[in-house]
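Okay, so here's the structure we're looking at.
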Amino acid sequence: KVIDITNPESPNEVASVSLSAQPTAVYIYNHYAYIGQAKTNEGLTIYNVANPTTPYYYGSYSFRSGKVYDVKAVNGWIYVAVNAGRGFDVFDAGSYAYAMVAVDVDNGGFETYYLSGNYIDYLSTVDVGAACNNVFYHDNKASVACKDAEGGLKIIDVSSMSSPQFLNATNVSGEGNGVFYDGGYNYVAVENFNGGLFITN
């Protein structure tokens, strides 16, 4: 779905398209929407959204390695997280970038990578004590939403991407699914029955 938020108090749906599987992520780059899907064939579907009110199908791409969980574009390349790689964020350093990945494994949870075009180099793992779902980069830190009922938000110092350091965890009253940082606050989408959004300074 495409929502017009020109007036945030009155969002308005202006278009929608039917997809062949559950969508997991979307990223807009150069007037194209790159949509991750929870399927092994057509895991990445692409729509032209130069006119947001009339999106049209452009193409798709299949990943033999598994389902697509997140999509980002940097320096003219599209990167995707598949299988154990769930949400991720990138830090664009010009001709290269770094990726911070939330990983769906219990004995790691957070990994960093060096990106340069089609070259991807593993750098480091931080064991945060839980599998994780998403990452948001800000101010040389990574806010990580994790599957930890008592510490669903982890903060990691990534001033050195090759040796990131765990800083602290915050109880967000449930498992963290998504996270966004703005103006000194972390906004965490939480899987629980009493709210769903947790805001922490």
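For the pair residue 2 and residue 120 in one chain, pulling the backbone fully straight at 0.36 nm per residue adds 39.3 nm over the alpha carbon distance. Residue separation of residue 84 and residue 192 scaled by 0.36 nm, minus their Cα-Cα distance, works out to 36.6 nm of gained length. The stretch between residue 75 and residue 168, if pulled fully straight at 0.36 nm per residue, gains 30.3 nm over its current Cα-Cα span. Take the alpha-carbon centre of segment 1-37, take the same for segment 159-201, and report the distance between them in whole Å. Segment 1-37 and segment 159-201 have Cα centres spaced 24 Å from each other. Here's how it looks for residue 75: its modeled amide H is under 5 Å from none belonging to a residue 5 or more places away or on a different chain.
Here's the list of lysines a cross-link from residue 154 could span, going by alpha-carbon distance under 24 Å and ignoring same-chain residues fewer than 8 apart: 72, 141.
For the chain, carbon and sulfur atoms together expose 48% of the accessible surface, with a 1.4 angstrom probe and every protein chain in place. Computed over all pairs of different Cα atoms, the Kirkwood value for the hydrodynamic radius of segment 13-167 is 16.2 Å. A protection proxy built from the mean count of other Cβ atoms within 10 Å ranks the segments 124-137, 169-182, most packed first, as 124-137, 169-182.
Using the Karplus relation 6.51 cos²θ - 1.76 cosθ + 1.60 with θ = phi - 60°, the per-residue 3J(HN,Hα) values for segment 146-163 come to 10, 7, 10, 5, 10, x, x, 10, 10, 10, 10, 7, 10, 4, 10, 5, 7, 9 Hz, with x marking Gly and Pro.
Excluding the site residues themselves, the longest part of the chain lacking any trypsin sites (Lys or Arg not before Pro) in a DSSP loop with at most 14 other Cβ atoms within 10 Å is 65-201. Normalised per residue, the accessible area of the chain is 53 Å², obtained with a 1.4 Å probe and no contribution from ligands, DNA or RNA. For residue 32, the residues whose amide H sits under 5 Å from its own are 49, ignoring neighbours fewer than 5 places away on the same chain, with H placed 1.01 Å from N.
The values are calculated or read from the model by the stated rules, or taken from the named source; none is laboratory data. The shown structure was predicted, so the numbers you read here are calculated from the model rather than taken from an experiment. When we count neighbours, we look across all protein chains shown, and the Cβ atoms used for this are built from the backbone with ideal geometry, even at glycine. Heads up: the accessible areas ignore ligands, DNA and RNA and are worked out on the full protein's heavy atoms, side chains in. Shrake-Rupley method; radii C 1.70, N 1.55, O 1.52, S 1.80 Å.
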